[in-house]
Amino acid sequence: MVDVAKYFLNFLRDESCGKCVPCRLGVDRMLEIITDITEGRGRPEQLSLLQDLAETVTEGSLCALGKTAPNPVLSTMRYFYDEYATHVEKKRCSAGVCKSLISYTIHPEKCEGCGICIKACPHNAVRGEKKKAHVINLLECRKCGICVTECKFDAIMVG
């Protein structure tokens, strides 16, 4: 849901006419905070700042767009606050959509060493010998998720 709020803020930033300061600067600042959160730079104090800023934009904007622009943030924070907290405190995205917060690992007991993930990886990030557990080089991994979908043994863990 954090990514959903980010999506709508990206859209609203382009739709704002820029006439009133709360909408013009508020939407940009909310997007900046949510981007920090989705890229692993979020800090706990930003959550309350985001909430306060969203309420201020709602109250101070002149038109309906500005008054409703913070709704995606306010709604997702109200009903999915735990997702925001997980992004900030644990630097994890439970939905698996914030690429900066995702990492892939291969569970050695589940990996059969079939090589399908090696062949499927377009970035050559998976290595290993046949019939032995493979490993993912996190420096080369681009987090595309192809290895996860191709593994028939559910050996690749998303974390």
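The values are calculated or read from the model by the stated rules, or taken from the named source; none is laboratory data. Note that this is a predicted model, so its numbers are computed, not measured. Note that each Cβ is placed from the backbone with ideal geometry, even for glycine, and that neighbours are counted across all protein chains shown.
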When ARG41 is run through (1) without any contact (Cβ under 8 Å) to a residue 24 or more places away in the chain; (2) surrounded by 14 or more Cβ atoms within 10 Å (Cβ to Cβ), the failure sits at (2)
Within the stretch 123-159, the count of residues that are under 26 Å from LYS91 (Cβ atoms) and of a type outside the set (A, V, I, L, M) comes to 15
Practice problem: Scan the stretch 23-40 and give yes if some residue there is in contact with a Lys or Arg (Cβ under 8 Å, 6 or more places away or on another chain), in a helix (DSSP H, G or I) and polar (S, T, N, Q), otherwise no. | Solution: yes
Note: among ASN10, ASN71, just one is polar (S, T, N, Q), surrounded by fewer than 19 Cβ atoms within 10 Å (Cβ to Cβ) and farther than 30 Å from GLY159 by Cβ, namely ASN71
Taking the stretch 134-145 and keeping residues surrounded by 15 or more Cβ atoms within 10 Å (Cβ to Cβ) and either modelled with pLDDT of 95 or more or in contact with a helix residue (DSSP H, G or I) (Cβ under 7 Å, 6 or more places away or on another chain) (or both) leaves HIS134, ILE136, LYS143
> Does GLU32 satisfy the criteria of being closer than 30 Å to GLY159 by Cα and either surrounded by 13 or more Cβ atoms within 10 Å (Cβ to Cβ) or among the acidic types (Asp, Glu) (or both)?
Replying inline: yes
If we ask which residues in the stretch 97-111 are surrounded by 14 or more Cβ atoms within 10 Å (Cβ to Cβ) and under 16 Å from GLU129 (Cβ atoms), their number turns out to be 2
